[in-house]
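The values are calculated or read from the model by the stated rules, or taken from the named source; none is laboratory data. Keep in mind that what you see is a predicted model, and the values were worked out from it rather than measured. Cβ atoms come from the backbone with ideal geometry, glycine included; neighbour counts cover every protein chain shown. Note: areas computed on protein heavy atoms with side chains; ligands, DNA, RNA excluded. Shrake-Rupley method; radii C 1.70, N 1.55, O 1.52, S 1.80 Å.
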Amino acid sequence: IKWGCDARVSCMTPDLVRAMDAANCYDLSFGIEAGVQRLLNNVRKGTSIPLIRKAIDVVKKNSDIRIGGLFILGLPGETYESFIAGIDTLLDAGQHEHINVYLCQLLPNSNQPPFEYKLYYFARIIE
């Protein structure tokens, strides 16, 4: 059975990656969200660009697992330029297999961006 999964970059170790590869994992997608540190800090992601690069490197050096990146478009403080810079960061890190881009959704009871952000981007809370 071949399988794939999503993972946090902070969880990747050489031993784990080798075990996943031996168990027929063929696809691993990281919840990167953004490739610019300022945006990761804005949403309190708890990770860093160097950690993202390290996780990609660990997977590439220890397996044949395909690597994907999951991004969120429209995070608080994001611009066209920062989105492109984020994609470039991922490509520079050697992640070329696939990326998925999701639109930012504001959910009730989550940490909300400032009111000005909602006005500027015409954001509304998903009920």
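A few remarks follow.
- Within the shell defined by Cβ-Cβ distances under 14 Å, the residues around residue 40 carry a net charge of +3, with Lys and Arg each +1 and Asp and Glu each -1.
- Here the accessible area is traced with a 1.4 Å probe on the protein chains. For the range 17-63, carbon and sulfur cover 50 percent of it.
- Distance between the 7 Å Cα→Cβ label points at residue 91 and residue 38: 2.1 nm.
- Each label was represented as a point 7 Å from its Cα along the Cα-to-Cβ direction; for residue 10 and residue 64 these points are 3.3 nm apart.
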